[in-house]
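The structure appears below as structure tokens.
The values are calculated or read from the model by the stated rules, or taken from the named source; none is laboratory data. None of the values given here were measured: they were computed from a predicted structure. Here the Cβ is made from the backbone with ideal geometry for all residues, glycine too, and neighbour counts use every protein chain on show.
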Amino acid sequence: MTIEELLKYKHKSKTRNKLIANTFKAIGQIEKYGSGIMRIFNICENHGIIPPKFSNLKDGFEVVLHKEKKNSKGKNKNGELSGELSGELNGELNEKQKLVYNTIKNKPGIKANKLSEILNIPYSTMDKNIRILLKNKLIERKGSKKTGGYYIIFTSK
């Protein structure tokens, strides 16, 4: 499995050790199989922490979790939106809009209904957040209504 497949959720979650998985589930440490990576990104975003960095290794991958907060100049060192955004944007993005932006960055081509489901945000609220990101030219929609999705177009200078 590649990191790209992992971050795009184009893989099936597979329990490698059922005894350990069942033990963690029984003590409440596992809420839902296959949702951990997105939950990690959401927790980092909600706390203003730099998102994790994934690297390929010979037989798997490595995850580096940061304790540093994002800076206040619009982007962290990984390029995700954070803090105050001024100059390039008309106004500031709220936390949900930043979360939607960063999720689209991690899952290019995602559809609004899938964003709504993953982030547990009502579709009508998701639609409003997407319209703000489109208006600020941070994202774009590519493809047909049926098969298209959203992509990041904002680039740092």
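Yes or no, residue by residue, for (1) at pLDDT below 90; (2) buried (at least 17 other Cβ atoms within 10 Å of the Cβ); (3) outside any helix (DSSP H, G or I); (4) assigned by TED's automatic domain parsing to the domain that holds Pro52:
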| site | (1), (2), (3), (4) |
| --- | --- |
| Leu99 | yes, yes, no, no |
| Asn102 | yes, yes, no, no |
| Pro108 | no, no, yes, no |
| Leu115 | no, yes, no, no |
| Ile118 | yes, yes, no, no |
| Ile121 | yes, yes, yes, no |
| Thr125 | yes, no, no, no |
| Glu140 | no, no, yes, no |
| Lys145 | yes, no, yes, no |
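Would it be correct to say that Leu81 is surrounded by 19 or more Cβ atoms within 10 Å (Cβ to Cβ) and at pLDDT 85 or above?
no
Cβ-Cβ distance below 6 Å, separation of 6 or more or different chains: which pairs start in segment 92-115 with a residue that is in contact (Cβ under 8 Å) with a residue 60 or more places away in the chain and end on one that is part of a loop (DSSP other than H, G, I, E, B)?
Qualifying pairs under 6 Å: Asn102/Glu80; Lys107/Lys8.
Restricting segment 55-78 to residues that are of a type outside the set (Lys, Arg) and buried (at least 16 other Cβ atoms within 10 Å of the Cβ), which is modelled with the lowest pLDDT?
Among residues in segment 55-78 that are of a type outside the set (Lys, Arg) and buried (at least 16 other Cβ atoms within 10 Å of the Cβ), the one modelled with the lowest pLDDT is Gly74.
What number of residues in segment 127-138 are farther than 23 Å from Ile43 by Cβ and assigned to a helix (DSSP H, G or I)?
6
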